[in-house]
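What follows is a short report on a single structure.
Just so it is clear, none of the values below were taken in a lab; they were calculated from the coordinates. Small disclaimer: the values here were computed from a predicted structure and weren't measured. Cβ coordinates were reconstructed from backbone atoms using ideal geometry, including for glycine residues, and neighbour counts include every protein chain displayed.
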Amino acid sequence: MEDKNTEENQRTSLFTVRSAEVAVLTFAMLTLGYLIIGMLYQKNLMGKSWVETLVSVYKNGPTFIANATIFILFEEGIDIMFIRLRESLKRDKRLISKGRAEAYQEAYQEAYQEMQDAWEQRRREAEAKGIEFNEPRPEPPKNKRS
């Protein structure tokens with residue numbers, strides 16, 4: 001039974017964030033940007049005073065933070081998805097390469113065995129007919145793809 005913790009079966013945790021610093025920085029910038037845009041919108045387009053603008057931004061602060069959080073979750077989710085895809089493609093390529101090498105070696109062994117069997121058959125036929133058999137035993141083929 002194969003060990004489940006082999007290199008081919010290992011993958012990164014779903015909760016691994018490789019660029020946590022970038023995520024935190026992006027979150028902070030988005031939240032600050034939402035706050036500034038909210039303040040400018042309230043002050044300039046709605047015509048509110050500074051006190052009313054600050055109260056409105058304070059009331060809508062959780063919404064700004066939630067929007068920034070949702071954006072970060074989507075961004076990190078896509079990042080993790082592509083990291084997993086790259087790892088999967090690398091693992092698949094490695095396994096296919098390994099399988100091809102094993103199949104090639106197996107085909108070499110089968111071909112050599114067939115050559116041996118054919119040589120043995122010819123030797124027996126010559127021996128049965130009383131004919132001298134001086135054909136050399138086939139040598140294993142040189143493996144050029146090792």
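Assorted remarks:
- P(r) of the range 20-129 over all Cα-Cα pairs, binned every 10 Å from zero, in whole percent: 12, 19, 14, 11, 9, 8, 7, 7, 6, 4, 2, 1
- Karplus-derived 3J(HN,Hα), 6.51/-1.76/1.60, for each residue of the range 89-99, Hz, glycine and proline x: 5, 4, 5, 4, 5, 5, 5, 5, 4, 5, x
- Label point distance in nm, Leu25-Leu95, each placed 7 Å from Cα along Cα→Cβ: 3.7 nm
- Taking every C-alpha pair closer than 8 Å and separated by at least 6 residues, the mean separation divided by the residue count of the range 20-129 gives a relative contact order of 24 percent.
- Sequence of Lys59, Lys142 once ranked by neighbouring C-beta atoms within 10 Å, starting from the fewest: Lys142, Lys59
- Estimated distance in nm for a label pair at Tyr58 and Glu102, the labels positioned 7 Å out from Cα along Cα-to-Cβ: 6.8 nm
- A full extension of the chain between Asn67 and Leu40 corresponds to an added length of 7.9 nm, given 0.36 nm per residue minus the alpha carbon distance.
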